[in-house]
Amino acid sequence: MAPVLTALMLAATPTGAALAADDEGVLVEFHFEPVANAQMAVWLEDADGNFVQDVFVTQATGSLGIGNRPGRWDFLSSWRFPYGPRTGVLPVWAHARGRTYPALVFHDDDPSDQESLGWHENTSSPEPYFCRPLADSEHQTISTDTMTCPSPAVFQSDKGKFSDQTSVYPPRNDLTTFEDLHDSADVPQLSELNDLDAVTGATPMGGRAEMVTTVVPADVAAAGPLVAKIEINLEHDENPDWDFSRDTDHFVDPRLANFGIEYLGQPSVVYSVPFDPTLAAFAGTDAYAGYGELSGVDGTLHPPDASISGIDGSGSDRLGLYTLNGETFRFGVYSHGPDASIPPSDGWGSCRIQDLAVPTDVELDPVDFDTVRVHFTVPEQTTDAEITNVVLYYRQGDATLDDDNAGSAIQQIPAPELCSGDIVPGEPAWCEVTELFGNYDYQIGVAYEDECGNTSALAASAVTTPAQEFAQVEGFCFVATAAWGAPWAGRVQALRWFRDVYLKSNAMGMAFVSFYYHVSPPLARAIAGTRLTRAVARVVLEPVTNLARVATGAG
């Protein structure tokens with residue numbers, strides 16, 4: 001049996017009836033089976049290597065700006081931490097596009113803080129998505145690829161400011177609220193600069209066949225053959241030829257040396273398929289065309305060599321080899337040709353662009369501090385195309401989420417175990433959105449896709465997640481945070497634990513906590529202003545934090 005096709009998104013002309021090729025263009029399908037947690041981009045070039053159009057890019061690169069964010073590119077951190085641009089994530093695609101954006105640097109202008117994971121408190125504002133880096137010890141039990149936030153709702157970040165340098169990657173576009181005193185005046189412009197909303201989608205689950213579609217304009221299709229390309233990358237994909245050390249190949253923050261894990265590995269790999277959009281035909285390949293530059297300094301495509309792995313989901317095997325409609329390939333392209341009336345043959349050519357009805361009966365049920373169950377019904381359809389995906393959207397705040405601003409929302413394609421079962425049109429169903437923060441207001445939406453890449457409009461509602469049990473109260477230990485540079489540093493955490501275990505359990509302790517909340521923020525800002533005052537504060541607080549660590553067993 002052929003693998004079930006999963007339609008990630010449709011990046012094309014507006015949905016409607018069956019494609020009229022003469023006045024809209026040619027429908028083209030792209031097929032592949034990626035490993036989990038990979039970043040990837042699909043795009044078209046002409047026969048001379050000139051960029052033609054974007055088709056698809058995963059959201060960490062397309063929406064969350066991992067290629068263009070403050071800090072050193074080789075920061076020892078973690079991918080869901082907001083500092084350290086991953087300039088080598090998809091360099092061939094990024095340079096091929098020919099677009100540049102202002103490169104971001106820290107809004108914090110203290111020279112001593114430019115190479116640090118912390119110490120940016122005076123230029124930080126609430127962070128809606130990213131969280132602190134994992135400690136190296138946590139990496140044994142928590143993988144960066146699991147999208148885990150070990151410190152939800154207690155992290156603020158420096159969103160950066162424009163520099164006089166440029167980047168080939170767009171900045172993040174998910175920010176909707178700003179703080180005048182802590183955010184640079186450049187930050188509200190970030191979403192305006194990001195031009196990839198229409199082609200950005202959720203990261204595929206991996207291990208299953210996927211399909212994305214696009215419409216090639218009629219004049220472009222008629223101009224001659226095209227080349228479809230896909231670039232895929234995976235963090236920490238090491239082998240003997242691409243073997244990196246945590247301490248010598250990454251930059252370790254000497255003041256927060258226990259935090260952050262290594263991410264370097266084999267570079268991105270690219271697959272390339274020439275095809276003629278004027279023909280109703282399939283073309284595919286099982287061999288990769290080359291690999292990108294590790295640092296992303298340019299868009300060079302290095303020819304294949306023995307240094308790149310090819311098994312076990314590593315290197316060139318990040319796209320799996322599979323068979324569909326009698327064709328075996330890693331990256332395949334099917335063009336419907338200019339005549340949409342041609343009947344399908346050999347299993348190809350059955351897809352059409354069409355409208356899908358909006359989900360109904362949407363209700364949100366917060367089942368945990370980080371999880372909301374989204375109840376919905378997919379209406380009865382007038383198409384035979386199989387419903388293959390549910391897409392969940394979420395965004396913090398109280399601004400209504402709709403199709404016009406969905407590009408600023410985080411997308412998730414829930415795994416089967418996070419849904420009630422197969423989606424049957426006309427029958428109630430539910431799926432769970434995860435990775436949320438406790439005690440936050442969210443706008444959450446749901447849409448669905450069919451096997452041809454058609455996507456419904458989304459239906460959305462609002463919900464507040466419950467507080468996390470035993471959660472740390474955000475903002476406590478202001479002075480200690482200023483002294484040690486980060487609210488997740490060990491001594492700061494010890495003070496929080498001491499507060500929760502001892503101070504909050506009696507009236508006198510709660511009175512002290514209330515007083516501390518009132519007087520400490522201005523003192524913390526004064527302390528954080530210079531290295532000397534921070535050092536003095538550490539000397540004064542060290543005996544107190546020692547006591548807290550002993551009392552709570554955190555020492």
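The values are calculated or read from the model by the stated rules, or taken from the named source; none is laboratory data. This is a predicted model, so every value here is computed, not measured. Because the Cβ atoms are built from the backbone with ideal geometry, glycine has one as well, and the counts that use them run over all protein chains shown. Heads up: the accessible areas ignore ligands, DNA and RNA and are worked out on the full protein's heavy atoms, side chains in. Shrake-Rupley method; radii C 1.70, N 1.55, O 1.52, S 1.80 Å.
Here are a few things to note about the model shown:
- Per residue value of the accessible surface for segment 339-380 (all protein chains in place, 1.4 Å probe), Å²: 52 Å²
- Additional length obtainable on full extension of the chain from Asp368 to Ala399, 0.36 nm per residue less Cα span: 8.9 nm
- In plain terms, the bigger the Kirkwood radius, the slower the diffusion; for segment 325-451, with that radius from Cα pairs, at 10 °C and 1.306 mPa s, Stokes-Einstein puts D at 95 µm²/s.
- For segment 400-443, a simple Cβ point-charge model (Lys and Arg +1, Asp and Glu -1, everything else neutral) yields a dipole of about 80 debye relative to the Cα centre.
- Charge dipole (segment 157-242, unit charges on Cβ, about Cα centre) - positive-most of Ala209, Val168, Ser191: Ala209
- The charge dipole of segment 154-309, taken about its Cα centre with unit charges on the Cβ of Lys, Arg, Asp and Glu (plus for the first two, minus for the last two), comes to roughly 340 debye.
- Peptides ranked, highest mean first, by Cβ atoms within 10 Å: ranges 280-287, 268-275: 268-275, 280-287
- Surface composition of segment 149-284: carbon plus sulfur atoms contribute 51% of the solvent-accessible area (1.4 Å probe, protein chains only, all chains present).
- Cα gyration tensor shape of segment 228-387, rounded if a/c is under 1.5, else prolate or oblate by comparing a/b with b/c: oblate
- Relative packing of 365-375, 299-309, which averages over residues the other C-beta atoms within 10 Å, highest first: 365-375, 299-309
- Heavy-atom surface of segment 169-299, accessible at 1.4 Å and reported per residue (Å²): 39 Å²
- Across segment 174-299 the C-alpha pair distances fall into 10 Å bins from zero in the proportions 9, 22, 30, 25, 11, 3, 0 percent.
- When peptides 46-54, 182-190, 387-395 are ranked by their average number of other Cβ atoms within 10 Å per residue, the highest-first order is 387-395, 182-190, 46-54.
- In this label model, Ala36 and Leu279 are separated by 3.9 nm, measuring between points 7 Å along each Cα→Cβ vector.
- Modelled this way, with points 7 Å down the Cα-to-C-beta line, the labels at Arg352 and Thr464 are 4.8 nm from one another.
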